[in-house]
Amino acid sequence: MTDRRAHWENVYRSKAVNEVSWFQPQAASSLRLIEGCAGRDAAIIDVGGGASVLVDNLLDAGYHDLTVLDLAEAALASTRVRLGARAQAVEWVIGDVTAVPLPAARYDVWHDRAVFHFLTDAADRARYVAQVLHAVKPGGHVIVAAFGAGGPLQCSGLDVVRYAPDALHAEFGAAFRLERHETEIHHTPNGTDQEFVYCYCRRL
């Protein structure tokens, strides 16, 4: 875990936020999926949200019970600076999603764009799913986006796992019902295209 944290701290300390491959000027797909399933009073956690603008978009849309979790303190710091005074309205959590203590049945929406595919070890994936089961309310919504079959084999110098929609849902098991999935082609800052698969599930 220490090596994992050091890797991501180095990424965010050595590159500008808009230079990392997963950068989006607007988190349009994520915002649309969240707005489609959750009212403005929903408790939302953005896992690996670090320097993402999703938290900005959610605040702009009127959401107010927001948590952003990331392994890299540098990523969260950059977002707090960007938000200015609005950062006080957000709960910031530094930690590894597979191990960080999370409150039980706290969240209506669990959102993750581009963390799960870095979990190449099956035990890490099992710990991640256990965290979702612990932290998301029964009937809550789980939105996970990972590299699709046409995505890269590596990202940020690390191996990744690519998923078809059914395979991504299968990692979560019978405690989650797949509601829908969609594919997005993400245009990276360096001009390449990456295929993402978004799966939207309900926790039973």
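Quick notes on this structure:
- When GLU73 is tested against (1) among the charged types (D, E, K, R); (2) modelled with pLDDT of 95 or more; (3) more than 12 Å from the chain's Cα centre (by Cα), just one condition goes unmet, and that condition is (2).
- When GLU73, GLU19 are checked against the criterion of being touching a helix residue (DSSP H, G or I) at 6+ places or on another chain (Cβ under 9 Å), open to solvent by 40 Å² or more (accessible area, probe 1.4 Å) and in contact (Cβ under 8 Å) with a residue 12 or more places away in the chain, a single residue qualifies: GLU73.
- Filter result (in a loop (DSSP other than H, G, I, E, B) and open to solvent by less than 40 Å² (accessible area, probe 1.4 Å)) within segment 157-204: VAL160, VAL161, TYR163, PHE172, GLY173, ALA175, THR188
- Just one of (1) of a type outside the set (Gly, Ala, Ser); (2) open to solvent by less than 30 Å² (accessible area, probe 1.4 Å); (3) part of a helix (DSSP H, G or I) fails for VAL109. It is (3).
- Residues that are β-branched (Val, Ile, Thr) and under 24 Å from ALA27 (Cα atoms) were ranked within segment 112-141; the one that is surrounded by the fewest Cβ atoms within 10 Å (Cβ to Cβ) is VAL129.
- Residue within segment 81-92 that is in contact with an Asp or Glu (Cβ under 6 Å, 6 or more places away or on another chain), surrounded by 15 or more Cβ atoms within 10 Å (Cβ to Cβ) and at pLDDT 95 or above present: no
- Any strands (runs of 3 or more DSSP E) falling wholly within segment 1-97 and containing at least 3 residues that are under 17 Å from GLY140 (Cβ atoms): 43-47, 65-70
- Residue pairs whose Cβ atoms lie under 6 Å apart, sitting 6 or more positions apart in sequence or on different chains, and linking a residue in segment 176-204 that is more than 12 Å from SER30 (Cα to Cα) and free of Cβ contacts under 8 Å to residues at least 60 places away in the same chain to a partner that is open to solvent by 30 Å² or more (accessible area, probe 1.4 Å) and small (Gly, Ala, Ser), are GLU195/GLY150.
- Residue list for segment 49-66, filter: closer than 18 Å to ALA135 by Cβ and open to solvent by 30 Å² or more (accessible area, probe 1.4 Å): ASP65
The values are calculated or read from the model by the stated rules, or taken from the named source; none is laboratory data. Predicted, not measured: the structure shown is a model, and the values here were computed from it. As a convention, Cβ positions derive from the backbone with ideal geometry for all residues, glycine included, and neighbour counts pool all protein chains shown. Just so you know, the surface numbers come from the protein's heavy atoms only, side chains and all, with ligands and any DNA or RNA stripped out. Shrake-Rupley method; radii C 1.70, N 1.55, O 1.52, S 1.80 Å.
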